[in-house]
1. Whole-Hz ³J(HN,Hα) for each residue in segment 142-157, computed from phi via Karplus 6.51 cos²θ - 1.76 cosθ + 1.60 with θ = phi - 60°, x for glycine and proline: what do you get?
2. If you average the sequence gap of Cα pairs under 8 Å that are 6 or more apart and divide by the length of segment 41-174, what percent do you get for the contact order?
3. Among the listed pairs 100/157; 30/464; 100/331; 290/319, which have their C-alpha atoms separated by more than 29 angstrom in this model?
4. Given a Förster radius of 51 Å and the C-beta distance between residue 291 and residue 149 as r, what FRET efficiency does 1/(1 + (r/R0)^6) yield to the nearest 0.05?
5. Give me the orientation-averaged projected area of the Cα convex hull of segment 1-80, in nm², one decimal.
6. Seen from all sides and averaged, what is the projected area of the convex hull of the Cα atoms in segment 45-189, in nm²?
7. What net charge is computed for the residues neighbouring residue 363, neighbours being all others with C-beta under 14 Å from the C-beta of residue 363, Lys and Arg scored +1, Asp and Glu -1?
8. Could you check the simple spin-label distance between residue 375 and residue 314, using points 7 Å along Cα→Cβ, in nm with one decimal?
Amino acid sequence: MTTFVDRVELHVAAGNGGHGCASVHREKFKPLGGPDGGNGGRGGDVILTVDQSITTLLEYHHSPHRKATNGKPGEGGNRSGKDGQDLILPVPDGTVVLDKAGNVLADLVGHGTSYVAAQGGRGGLGNAALASARRKAPGFALLGEPGDLQDIVLELKTVADVALVGYPSAGKSSLISVLSAAKPKIADYPFTTLVPNLGVVTAGSTVYTIADVPGLIPGASQGKGLGLEFLRHVERCSVLVHVLDTATLESDRDPVSDLDIIEAELREYGGLDNRPRMVVLNKIDVPDGKDLAEMVRPDLEARGYRVFEVSAVAHIGLKELSFALAELVGKARAAKPKEEATRIVIRPKAVDDAGFAVTREDVTGEPLFRVRGEKPERWVRQTDFSNDEAVGYLADRLNRLGVEDALMKAGARSGDGVAIGPEDNAVVFDWEPTVVAGAEMLGRRGEDHRFEAPRPAAQRRRDKQAEHDEAAQEFDDFEPF
């Protein structure tokens, strides 16, 4: 049964924004009291957050599909819809977020570090928010935007100060069990360790973490055995410790050749050349192991390695090794550059940046003009094309943005096809320089003559007053015989 997972593919979906509401305020003796439709709520985000209590990606291995809640639609009476709730996904410290192509999107290190994996859609504006001096009675509202859909890959890279590397059954798990309080599974057959083990070691005033990386074999950097799955856990470690078996039962192996093979795999994997190294000759409690350790030690020291002879079983040489590791970890920490506060860089758009681009494409011999840009694509997604007035409002916005002028400059003619949006999700229509909406029967677009007309009672008072003024004028003009 799988108990540890360090790489998963996650499918996340943010919440959709709620639709705006088209409503007219009504009360006794005032049937048309003005627009009062509220805005839709924002869709929830999907946020990855580092949690120190999480050590594996197992939960997402079993449930890879995650979705945030949608925003609620607006209502009449200027009541806005409720925002969708953000979905917080806890991940282990050291999780790397990548896209399907392998590009790094975020490197989550440190408790509380977060990354918005999918952003919720905006809520649509209600007709109350769309009302203006020119558009006093909008008969439409904007639709909510759909939330982002993302397929991402999560990779866990263990965050530790020291990494123990070496062949299977070299004694790495035994060593970490006696140096720290970690209790890994230990046995004498290959590939016992199927998961990286992490322990905390205290040496004097220095406290550091030590990771036991599963056994490596020749070809691990090309995916052979378990090596490729766990080599990524070495990347974040400051110090590498080669644990060499001096009592191996395999006749074709010895500590020096084991070291050369593991170093070759680390070079092939890349990015680890500048890490300080140390060599631990383990199992010196075995008579042959002690003799072999004394034989190979001068050769290893001649290569520049600092060598320690230990026995995890007999607890020999562990104190000296622990303090030596603490010294190396202290130097590595001191050499690290100081962390600087995150700088917030504001990059305003250029004044002449229209925010869209028009390109010409030839489809089956007919010209097709594609409009790409954040604003035009968002406006199209928010438009209810079953409402003529909403379509006219979209046409006005595109015209004010300069889309029609750009189409003319690109050579578009009346009747040519125009697509707004990407190829897989675009709105295509036959372009006419002047888009006429069906709402013009009510007057100018966005206006309602019913709001301009007086109420019947007031009109009757005006008519009576006009009759009285006319009679008074006739009396004043009367001349007696």
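Every number in this text was worked out from the coordinates using simple rules, so none of it is lab data. Worth saying up front: this structure is predicted, and the values here are computed from it rather than measured. A quick note on method: Cβ atoms are made from the backbone with ideal geometry, for glycine too, and the neighbour counts reach across all protein chains shown.
1. For segment 142-157, the Karplus-derived couplings read 8, 7, x, 7, x, x, 5, 10, 10, 10, 10, 10, 10, 10, 9, 10 Hz, x marking Gly and Pro.
2. Rounded, it is 29 percent for segment 41-174.
3. 100/331
4. 0.20
5. About 7.5 nm², averaged over all directions.
6. 13.8
7. Net charge in that neighbourhood comes out at -4.
8. Those two pseudo-labels are separated by 8.0 nm.
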